[in-house]
Each structure stands twice: as C-alpha cells, then as structure tokens.
Amino acid sequence: MATAHFILYVADQAASAAFWRAALDRAPRLDVPGMTEFALDGGAVLGLMPEAGIWRLLGHRLPDPGAARGTPRAELYLLVDDPVACHARALAAGAVELSPVQPRDWGHRAGYLLDPDGHVLAFASDAPIRR
C-alpha cells in the first residue's frame, strides 16, 4: 500500500508553513530547510517545497514553478469534520475566498479558497454544516 504525498511548490517555505499550520490547525510532522510536511487524515501527507528547491533538484528542464505562481493548476480537496471552521481558519491565515462553504451537486458541502501561493484549497464534508 502506498502513502500519498502531495507536494506544493511554494515561494516562501516558512510563510507557507505558517499558513498551513493555521489552516489545518496542526503542527508539521517535519520542518527542515527544503521541506515541511503535514500528516493528513487518512494517512496522506501534504508537503511544502520551495520553488527554488524543486528547480535545483530536477534541473532547468522543469518549467520555472515561480512563473506559474497565481495560476491555479491543481486543487487540494480535503474532507474534514467541520469545513466551516477550517474555511474560517484558512481565511484568518491569509487565504482568499473563492466560494463559501455551501451544498454542492455531488453531495458534499464545500468551500473553495486560494492559499497564499495561489493553490486552490477546498474544505468539504458530506455531513451537515455545523454553525
């Protein structure tokens, strides 16, 4: 069985780690120069790697991740117990709201945000919204 690691390339590792610490309401399991990791429910891992680090690692055949900053190309969709609280924490930590938490056609209640690096983040639940 594999463990899924989702690695986001970020402009400022420390600032992104602070945002995700607040948004997820948990401390990273690893925080060293070049990588911050947060354990996610279900066994997955969210990693934060500086854009310059991935460019050094893979070479300049990789397009410059910094050039795409602010252009969403992926979404991190997290099923949580209380999407309203998670959405509010992310907003307080500096996210930009794209859509509030509301019922969706696929049966979830989900809200969408942009993190400080421009990644789309959704907090969702298939349970009723708690207020």
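The values are calculated or read from the model by the stated rules, or taken from the named source; none is laboratory data. Given the structure is predicted, the values throughout are model-derived calculations rather than measurements. Heads up, the Cβs are rebuilt from the backbone with ideal geometry, glycines too, and the neighbour counts pull from every protein chain shown.
With respect to the conditions (1) of a type outside the set (A, V, I, L, M, F, W, C); (2) modelled with pLDDT of 90 or more; (3) in contact with a Leu (Cβ under 9 Å, 6 or more places away or on another chain), P83 lacks only one, and its number is (3). Kindly indicate whether any position in segment 99-114 is out of contact with any helix residue (DSSP H, G or I) (no Cβ under 7 Å at 6 or more places or on another chain), in contact (Cβ under 8 Å) with a residue 40 or more places away in the chain and among the small types (G, A, S). So far as segment 99-114 goes, no, none of its residues is out of contact with any helix residue (DSSP H, G or I) (no Cβ under 7 Å at 6 or more places or on another chain), in contact (Cβ under 8 Å) with a residue 40 or more places away in the chain and among the small types (G, A, S). All of L48, L57 fail the test of being touching a Leu at 6+ places or on another chain (Cβ under 6 Å), closer than 19 Å to D12 by Cα and among the aliphatic types (A, V, I, L, M), apart from L48. Give the residues of segment 72-131 that are under 17 Å from F38 (Cβ atoms), assigned to a loop (DSSP other than H, G, I, E, B) and under 15 Å from the mean Cα position of the chain (by Cα), sorted by residue number. A74, V80, A93, G94, A95, D115, P116, D117, H119 - these are the residues of segment 72-131 that are under 17 Å from F38 (Cβ atoms), assigned to a loop (DSSP other than H, G, I, E, B) and under 15 Å from the mean Cα position of the chain (by Cα). If you go through segment 15-51 and keep only what is among the hydrophobic types (A, V, I, L, M, F, W, C), at pLDDT 95 or above and either more than 21 Å from D81 (Cα to Cα) or in contact with a His (Cβ under 6 Å, 6 or more places away or on another chain) (or both), you end up with A15, A17, A18, L30, V32, M35, V45, L48. On inspection, R109 does not qualify as modelled with pLDDT of 95 or more, charged (D, E, K, R), surrounded by 13 or more Cβ atoms within 10 Å (Cβ to Cβ) and under 19 Å from L46 (Cβ atoms).
Tell me whether segment 72-92 contains one or more residues that are at positive phi and not hydrophobic (A, V, I, L, M, F, W, C). Within segment 72-92, none of the residues are at positive phi and not hydrophobic (A, V, I, L, M, F, W, C).
Of all the residues in segment 31-55, those that are surrounded by 12 or more Cβ atoms within 10 Å (Cβ to Cβ) and either of a type outside the set (G, A, S) or touching a helix residue (DSSP H, G or I) at 6+ places or on another chain (Cβ under 7 Å) (or both) number 15.
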